[in-house]
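One structure below.
The values are calculated or read from the model by the stated rules, or taken from the named source; none is laboratory data. Quick caveat, the model's predicted, so the values are computed rather than measured. Here the Cβ positions follow ideal geometry from the backbone for every residue, glycine too, while neighbour counts run over all protein chains shown. In case anyone asks, the SASA skips ligands and DNA or RNA and just uses the protein heavy atoms, side chains included. Shrake-Rupley method; radii C 1.70, N 1.55, O 1.52, S 1.80 Å.
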Amino acid sequence: MKTSKFVILGGGMVAGYAAKQLAELGLNAGDLTIVSAEQSIPYERPPLSKGFLAGRDSEESIRIVPNDFYSAHGIDLRLATEVTGVAPAEKRVHLRSGEELGFDKLILATGSHVRTLDVPGANLAGIFYLRSVDDSKRIRGQAEGAKRAAVIGGGFIGMEVASVLAQKGIQVVMIVREARVFPQLFSPEMSAFFEAYYKARGVQFDTQATIREIRGTGAVSSVVLADGQGIACDIVVAGIGVRPAIDFLASSSIEIGNGVMVNQYLETNQPGIYAAGDIANYQDVLFGKRRRVEHWDNAVSQGQHCARALMGERAEFRHVPYFFSDVFDLSYEFWGDPADAEEIVHRGDMTTNSFSTWWVRGQRLVAAFAMNRPEEERDIAPKWIEARQRVSTARLRDTSKPIAEAGEFAQTNVP
């Protein structure tokens with residue numbers, strides 16, 4: 001049985017960025033093994049629904065590090081290798097091949113599985129989900145000959161895929177279960193802006209819609225909604241969420257719930273074992289609540305944090321949740337957690353593509369969105385959220401004054 005000082009389970013962004021960080025911290029050759037179920041070396045996920053799907057990015061360009069990085073640093077990268085279990089007490093990992101792998105310290109970073117449609121016809125050809133580079137390749141290939149597409153889901157995956165397909169000249173219908181797009185993050189005004197923006201570019205919407213069945217002979221030809229409406233299509237892309245890939249931990253002594261339960265240091269209940277990325281249900285010290293985040297920035301930051309922990313650093317994971325997206329010719333950023341906000345302030349002109357949104361709870365900034373806004377707003381948003389800055393909502397709305405005054409005013413005038 002081979003034993004490595006450090007083992008990372010999962011070959012996604014956590015692994016790529018953790019390996020890069022470990023190398024920068026002086027990793028010794030032979031000390032790290034990465035076990036990945038994928039056949040590709042670690043790559044960036046965001047381009048899969050943006051530049052790579054559109055054909056602008058190559059597979060090589062989305063690598064986190066060059067192909068020869070792993071061999072150059074003596075890292076054992078095992079691709080197409082499935083993990084079936086972990087035995088914390090024995091410090092062993094069980095592989096599908098029957099092999100066992102020993103470790104001193106372990107990072108669990110197996111990511112997520114897509115949620116799939118559970119309706120008649122869900123197994124027809126032409127129905128896709130987007131999680132891996134291979135998924136993106138298949139969607140891109142199918143889109144080449146497609147004329148009509150149904151995109152199921154109104155979150156960031158659905159919005160990004162719909163944008164790419166529409167720009168390829170495909171007639172796109174977005175099928176959204178909720179009353180508006182992206183209600184988890186967007187205010188009603190923001191949803192209205194994006195829906196109007198998409199409609200102006202040919203995308204149609206069916207909101208508050210559920211799917212009854214998918215029809216076709218061998219391949220998809222239409223999606224039928226619960227009200228009987230049929231939507232003709234020759235490609236379906238469903239972005240209806242993911243679930244943490246933690247089934248292999250069911251018989252271990254590692255605590256799991258909605259993901260792998262870790263503390264503010266990203267440690268599990270078993271010594272020397274950490275979790276990061278999509279599967280990590282961690283104690284957020286900034287917001288005082290548990291959360292599990294499925295975005296790029298979280299995987300990067302937690303991978304780097306765990307790498308430092310393997311090398312002996314002990315520090316709380318303090319991080320403002322962050323998300324970015326590119327749709328059509330728009331790019332925007334989002335920081336924080338808008339849940340339970342008491343007031344929402346929009347700054348700028350929401351009839352244009354340059355505005356920001358600020359969520360406030362207890363006079364403190366808890367979340368912010370910025371699109372084509374001054375650099376000052378982008379810089380100040382995460383700093384104020386982390387600092388639990390008191391703000392004046394009236395000053396936030398007043399675009400005649402620098403945004404910094406909203407914090408300065410509140411700091412000196414709010415008890």
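Checking the condition out of contact with any helix residue (DSSP H, G or I) (no Cβ under 7 Å at 6 or more places or on another chain), surrounded by fewer than 23 Cβ atoms within 10 Å (Cβ to Cβ) and of a type outside the set (D, E, K, R), which residue from Val262, Val285, Val320, Val223 passes?
Numbers: Val262 fails: surrounded by fewer than 23 Cβ atoms within 10 Å (Cβ to Cβ); Val320 fails: out of contact with any helix residue (DSSP H, G or I) (no Cβ under 7 Å at 6 or more places or on another chain); Val223 fails: surrounded by fewer than 23 Cβ atoms within 10 Å (Cβ to Cβ).
From the options Val262, Val285, Val320, Val223, the qualifying one is Val285.
Just one of (1) at pLDDT 95 or above; (2) open to solvent by 20 Å² or more (accessible area, probe 1.4 Å); (3) not hydroxyl-bearing (Ser, Thr, Tyr) trips up Glu405, so point out which.
The single condition Glu405 does not satisfy is (1).
Take the conditions surrounded by fewer than 18 Cβ atoms within 10 Å (Cβ to Cβ), of a type in the set (A, V, I, L, M, F, W, C), over 28 Å from Ile235 (Cα atoms) and within 27 Å of the chain's Cα centre (by Cα) and apply them to Leu79. Does it pass?
yes
Kindly establish whether Ser136 is out of contact with any strand residue (DSSP E or B) (no Cβ under 6 Å at 6 or more places or on another chain) and part of a helix (DSSP H, G or I). Spell out how you get there, then give the answer.
Details: out of contact with any strand residue (DSSP E or B) (no Cβ under 6 Å at 6 or more places or on another chain): yes; part of a helix (DSSP H, G or I): yes.
Spelling it out, Ser136 is indeed out of contact with any strand residue (DSSP E or B) (no Cβ under 6 Å at 6 or more places or on another chain) and part of a helix (DSSP H, G or I).
Output yes when any residue across segment 339-361 is hydrophobic (A, V, I, L, M, F, W, C) and within 30 Å of Tyr274 (Cβ to Cβ), and no when none is.
Yes, the conditions are met somewhere in segment 339-361.
Please enumerate the residues belonging to segment 242-259 that are crowded, with 16+ Cβ neighbours inside 10 Å and either modelled with pLDDT under 95 or under 21 Å from Val93 (Cα atoms) (or both).
Pro244, Ala245, Ile246, Phe248, Leu249, Ser252, Ile254, Ile256, Gly259
Please go through segment 265-282 and pick out each residue that is open to solvent by 10 Å² or more (accessible area, probe 1.4 Å) and either under 12 Å from Ala15 (Cα atoms) or not hydroxyl-bearing (Ser, Thr, Tyr) (or both). Even if it seems obvious, please write down each step before you answer.
Residues of segment 265-282 open to solvent by 10 Å² or more (accessible area, probe 1.4 Å): 265, 267-272, 274, 278, 281.
Listed by number, the residues that qualify are Glu267, Asn269, Gln270, Pro271, Gly272, Asp278, Asn281.
Using the structure shown, decide if Leu165 is surrounded by fewer than 20 Cβ atoms within 10 Å (Cβ to Cβ), more than 22 Å from Ala339 (Cα to Cα), among the aliphatic types (A, V, I, L, M) and at pLDDT 95 or above.
no
Among (1) under 17 Å from Pro402 (Cα atoms); (2) modelled with pLDDT of 95 or more; (3) buried (at least 18 other Cβ atoms within 10 Å of the Cβ), there is one condition Arg378 misses while meeting the rest; what is its number?
For Arg378, the failing item is (3).
Which one of these does Ser40 not meet: (1) open to solvent by 10 Å² or more (accessible area, probe 1.4 Å); (2) polar (S, T, N, Q); (3) over 18 Å from Ile139 (Cβ atoms); (4) in contact with a strand residue (DSSP E or B) (Cβ under 9 Å, 6 or more places away or on another chain)?
(3)
Among the numbered conditions (1) touching a residue at least 40 places away in the same chain (Cβ under 8 Å); (2) within 23 Å of the chain's Cα centre (by Cα), tell me where Gly272 comes up short.
Answer for Gly272: the failing condition is (2).
Would you call Thr207 open to solvent by 30 Å² or more (accessible area, probe 1.4 Å) and of a type in the set (Val, Ile, Thr)?
Taking the combined requirement at face value, the residue satisfies it.
Look at segment 239-252 and say how many of its residues are assigned to a helix (DSSP H, G or I) and either in contact (Cβ under 8 Å) with a residue 24 or more places away in the chain or in contact with a Gly (Cβ under 9 Å, 6 or more places away or on another chain) (or both).
2
Which of the residues belonging to segment 195-238 are without any contact (Cβ under 8 Å) to a residue 24 or more places away in the chain and closer than 28 Å to Asp329 by Cβ?
Glu195, Ala196, Lys199, Ala200
Could you go through segment 23-34 and let me know if any residue there is under 25 Å from Pro88 (Cα atoms), buried (at least 18 other Cβ atoms within 10 Å of the Cβ), of a type in the set (Val, Ile, Thr) and modelled with pLDDT of 95 or more.
Scanning segment 23-34, I find at least one residue that is under 25 Å from Pro88 (Cα atoms), buried (at least 18 other Cβ atoms within 10 Å of the Cβ), of a type in the set (Val, Ile, Thr) and modelled with pLDDT of 95 or more, so the answer is yes.
Conditions first: (1) assigned to a strand (DSSP E or B); (2) aliphatic (A, V, I, L, M); (3) touching a Lys or Arg at 6+ places or on another chain (Cβ under 7 Å). Leu53 passes all but one, so which condition is the exception?
Result: Leu53 fails condition (1) only.
Is it the case that Arg56 is under 30 Å from Asp329 (Cα atoms) and touching a helix residue (DSSP H, G or I) at 6+ places or on another chain (Cβ under 9 Å)?
So Arg56 fits the description; yes.
Looking only at segment 99-129, which residues are open to solvent by less than 30 Å² (accessible area, probe 1.4 Å) and under 21 Å from Tyr17 (Cβ atoms)?
Passing the criteria: Phe103, Leu106, Ile107, Leu108, Ala109, Gly111, Ser112.
In the list Gly239, Gly202, Gly230, Gly216, which residue meets the criterion of being open to solvent by 50 Å² or more (accessible area, probe 1.4 Å), under 22 Å from Leu165 (Cβ atoms) and at pLDDT 95 or above? Full working, then the answer.
Details: Gly239 fails: open to solvent by 50 Å² or more (accessible area, probe 1.4 Å); Gly202 fails: open to solvent by 50 Å² or more (accessible area, probe 1.4 Å); Gly216 fails: open to solvent by 50 Å² or more (accessible area, probe 1.4 Å).
The unique qualifying residue is Gly230.
Of the residues that make up segment 71-78, is at least one at pLDDT below 95 and either in contact with a Cys (Cβ under 7 Å, 6 or more places away or on another chain) or more than 25 Å from Ile157 (Cβ to Cβ) (or both)?
The first filter runs over segment 71-78 and keeps only residues at pLDDT below 95, leaving none.
Scanning segment 71-78 turns up no residue that is at pLDDT below 95 and either in contact with a Cys (Cβ under 7 Å, 6 or more places away or on another chain) or more than 25 Å from Ile157 (Cβ to Cβ) (or both).
Limited to segment 139-179, what total is found for residues that are under 18 Å from Leu117 (Cα atoms), assigned to a strand (DSSP E or B) and touching a residue at least 60 places away in the same chain (Cβ under 8 Å)?
Count: 5.
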